[in-house]
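Taking it in order: structure first as structure tokens, then the write-up.
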Amino acid sequence: MSGRQRDFLRTFGPGMLFASTAIGVSHLIQSTRAGAEYGFLMIGVVCIANLLKYPFFEFSSRYSNVTGTSIIDGYGRLGRHFLIMYLVVTLASMFIITGAVGFVTAGFFENLFGVQFLGIWSIVILFGVCFVILCTGKYNTLDGVIKTISAVMIVSTTAAFLIALTNGPVHQTEQHIMPEIFTHAGILFLVALIGWMPMPVDISSWHGLWTLERIKQTKFRPSLKSTLLDFNIGYLVTSVLAVFFVVLGTYLFFGSSEALPNNNAQFAEKVVTMYTQTIGSWNYLIIAAAAFSVMFGTIVAVFDGYSRAVQRTVLLLKNNSKDVQNASEYRKIYFIVLVSLAIGSSILVIPFGRNLKELVDFATAVSFVIAPIIAVFNYKLVSRKYLNDGVPPVWLRALAVAGIIFLTGFAAFFLLIHFLPGFVI
């Protein structure tokens with residue numbers, strides 16, 4: 001094994017954590033729904049969303065590698081009020097996002113173990129298990145588990161995709177119907193899809209945080225090229241799989257009179273059945289276990305990511321944005337955020353009952369509206385004023401500007417039609 005290969009293996013990990021977090025709701029739920037309801041039309045939307053959001057996630061990884069600190073520390077460099085604004089945005093979204101991810105995970109949990117009677121308690125159980133894992137485990141445990149379950153889901157999804165392409169669409173006679181997307185309902189779905197495709201922009205700091213934790217674990221400081229390679233592999237995996245899920249939703253459901261269930265457990269069963277219809281019924285248990293594992297990996301990563309982000313932000317505010325290395329204080333805040341996140345997210349889910357689409361669409365819409373704020377923050381921090389080395393190339397900064405314009409314009413348009421629903425006919 002060459003030195004370059006050894007260096008990459010010591011760097012590899014945060015990108016797959018990123019991919020596992022993304023493959024959850026945005027792929028299993030939103031991309032499948034996109035194909036089922038709008039067909040191949042949504043492939044272009046998914047690709048555009050992944051392209052225009054790419055710079056803001058890449059900037060976070062770039063900043064962490066070059067400076068040795070997270071981009072959250074960078075928000076403190078912009079000014080204390082920027083750090084406070086980031087904390088407000090995070091607190092405003094984290095319970096909604098965690099609740100939505102937990103709700104979906106509970107559906108796959110109930111489907112796999114046949115415990116639909118548990119109701120809200122299935123979410124409580126899952127959150128409790130996440131809490132125990134993160135309070136007693138270490139990053140290397142999380143890293144190893146995520147890599148394993150992500151590999152299983154990637155292989156399963158690729159196999160299902162290739163077999164579906166070979167077999168062709170199930171409802172061939174109606175495959176050429178062009179659905180209406182520029183309606184009020186269509187625009188709302190676009191917002192819900194783009195909001196979490198591949199992930200909310202407000203959690204772009206997570207890959208950087210995991211990169212820094214990986215450095216602590218391996219005691220190896222990778223080059224910028226290695227860190228970006230790890231990130232790009234994860235981002236490419238999420239982008240390709242998103243297209244795969246749209247195609248699967250299109251080939252198996254689009255053009256039929258069959259609507260995807262709104263109940264989270266029934267939706268989970270439908271997704272697992274979608275795989276077995278293409279790969280074979282013998283594979284049902286394997287797919288059910290893999291789908292639940294991916295969702296469980298997502299919820300663990302979400303708990304860890306939010307806890308690390310809030311932990312770092314609070315410590316920076318408390319210490320006036322200076323470097324802080326108090327391990328006991330770190331652990332205490334991390335624990336408090338975990339408890340608050342578990343309780344708050346569980347309570348938030350209750351009013352939605354088993355209405356999967358309403359909760360997920362609500363969570364993704366919130367992420368979409370706040371995305372431009374974090375996008376601007378990340379863009380500012382990779383300028384030469386804050387980043388002497390490793391400033392992104394001109395084409396990437398130009399793409400970021402296009403992304404900011406798109407996210408801001410579409411968010412404003414969404415708010416307009418939300419408060420004036422007659423605006424779009």
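The values are calculated or read from the model by the stated rules, or taken from the named source; none is laboratory data. This is a predicted model, so every value here is computed, not measured. Because the Cβ atoms are built from the backbone with ideal geometry, glycine has one as well, and the counts that use them run over all protein chains shown. With ligands, DNA and RNA removed, areas are computed over all heavy atoms of the protein, side chains included. Shrake-Rupley method; radii C 1.70, N 1.55, O 1.52, S 1.80 Å.
Sorted by packing (mean other beta-carbon atoms within 10 Å per residue), highest first, where do 23-29, 404-410 land?
Averaged packing, sorted descending, gives the order 23-29, 404-410.
When the pairs LYS332/LYS357; LYS53/LYS380; LYS53/LYS318; LYS357/LYS380 are compared against a 24 Å limit on Cα-Cα distance, LYS332/LYS357; LYS53/LYS318; LYS357/LYS380 fall above it. Legend: Rg and Dmax of region 176-298, from Cα coordinates, 18.6, 56 Å.
Excluding ligands, DNA and RNA, the accessible surface per residue across the chain is 39 Å² with a 1.4 Å probe. Mean-square fluctuations from a GNM of the chain, with a 10 angstrom spring cutoff on Cα atoms, peak among THR158, THR67, THR166 at THR166.
Pick out which of PHE113, PHE12, PHE414 has the largest mean-square fluctuation in a Gaussian network model of the chain, springs linking Cα atoms closer than 10 Å. Among PHE113, PHE12, PHE414, the largest mean-square fluctuation in the Gaussian network model of the chain belongs to PHE113.
Considering only VAL366, VAL46, VAL394, the Gaussian network model of the chain with Cα springs below 10 Å gives its largest mean-square fluctuation to VAL394. Kirkwood-type hydrodynamic radius, region 333-388: 14.3 Å, calculated from all non-identical alpha-carbon pairs. For the chain, the membrane-span-like helices by this rule, meaning whole DSSP H stretches whose C-alpha atoms cover at least 30 Å of axis and whose Kyte-Doolittle mean is -0.5 or above, are 41-67, 80-113, 139-167, 224-253, 284-318, 327-349, 356-381, 394-419; this says nothing about an actual membrane.
Here the peptides 296-308, 78-90, 227-239, 379-391 are ranked by packing, the mean other Cβ count within 10 Å, and the order with the highest first is 296-308, 227-239, 78-90, 379-391.
Across the chain, Cα pairs under 8 Å and at least six residues apart give a relative contact order of 38 percent. Under the classification rounded if a/c is under 1.5, otherwise prolate if a/b is larger than b/c and oblate if not, where does region 374-414 fall, given a ≥ b ≥ c as square roots of the Cα gyration tensor eigenvalues? Oblate.
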